[in-house]
1. When only alpha-carbon atoms count, how far does the stretch 98-149 stretch along each of its three principal axes, as whole angstroms with the largest first?
2. Between 0 and 90 degrees, rounded to the nearest ten: what's the tilt of helix 6-31 against the longest Cα principal axis of the chain?
3. About its Cα centre, what dipole magnitude does the stretch 67-149 give when the only charges are +1 on Lys and Arg Cβ and -1 on Asp and Glu Cβ, stated in debye to the nearest 20?
4. In the stretch 1-65, how does Rg compare with the Kirkwood Rh, expressed as the Rg/Rh ratio over alpha carbon atoms?
5. Please report how far the C-alpha centroid of the stretch 45-123 lies from that of the stretch 7-38, rounded to the nearest whole angstrom.
6. For the chain, calculate the relative contact order in percent as a whole number, restricting contacts to Cα pairs under 8 Å that are 6 or more residues apart.
7. What's the angle, to the nearest 10 degrees (0 to 90), between helix 102-124's Cα axis and the longest principal axis of the chain?
8. Between helix 128-147 and the chain, what is the angle of the helix's C-alpha long axis to the longest principal axis, kept within 0 to 90° and rounded to the nearest 10?
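The values are calculated or read from the model by the stated rules, or taken from the named source; none is laboratory data. Computed from a prediction, not measured in an experiment: that's the story for all the values here. FYI the Cβ positions are ideal-geometry reconstructions off the backbone, even for glycines, and counts take in every protein chain you see. Heads up: the accessible areas ignore ligands, DNA and RNA and are worked out on the full protein's heavy atoms, side chains in. Shrake-Rupley method; radii C 1.70, N 1.55, O 1.52, S 1.80 Å.
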Amino acid sequence: MPTERPELETVHLLRAVTVELGLHSARFAYLHGMDPTDVRALIVLMDARRAADEVTAGRLGAALGLNSAGATALVDRLERAGHVRRARGTADRRKVVIELDERAVELGQAFFGPLISRVAELLGGYDERERAAVHGFLEGVLRAAAESD
């Protein structure tokens, strides 16, 4: 059997990491009565919050590949569960934006926080140049995945 190219070993390892993270996310969804789209929506909203960016239902739907009706149903479901709320935009008060409720942030932190801490600790063992290489690699993988759609 021929030896696999080293870069393909890394690709297969990345696939295994992706599967494991997906399973971790699915466990979170199951434990909290959500489906995978709900979890992805919360991630989009957390990323937007970190960037101080406002997200409308339409923009959330676009990020998740949902039509208008699907986005509205998603927001309604998350709102009923107490994970999000609708609010007026800060720059444009006519716009309705979707905001995370602190309970959703706390729920995510309680579940994903230990994993995030372990990964951050792992990265702390690398020097600045190595962290930059890992960061660049992951950005490139993200771009490649986005372009393949």
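1. Per principal axis, max minus min of the Cα coordinates gives 36, 34, 14 Å.
2. That helix lies at roughly 30 degrees to the long axis.
3. 540 debye
4. Over the Cα atoms of the stretch 1-65, Rg/Rh equals 1.17.
5. 19 Å
6. 15 percent
7. The two axes meet at around 20 degrees.
8. The two axes meet at around 60 degrees.
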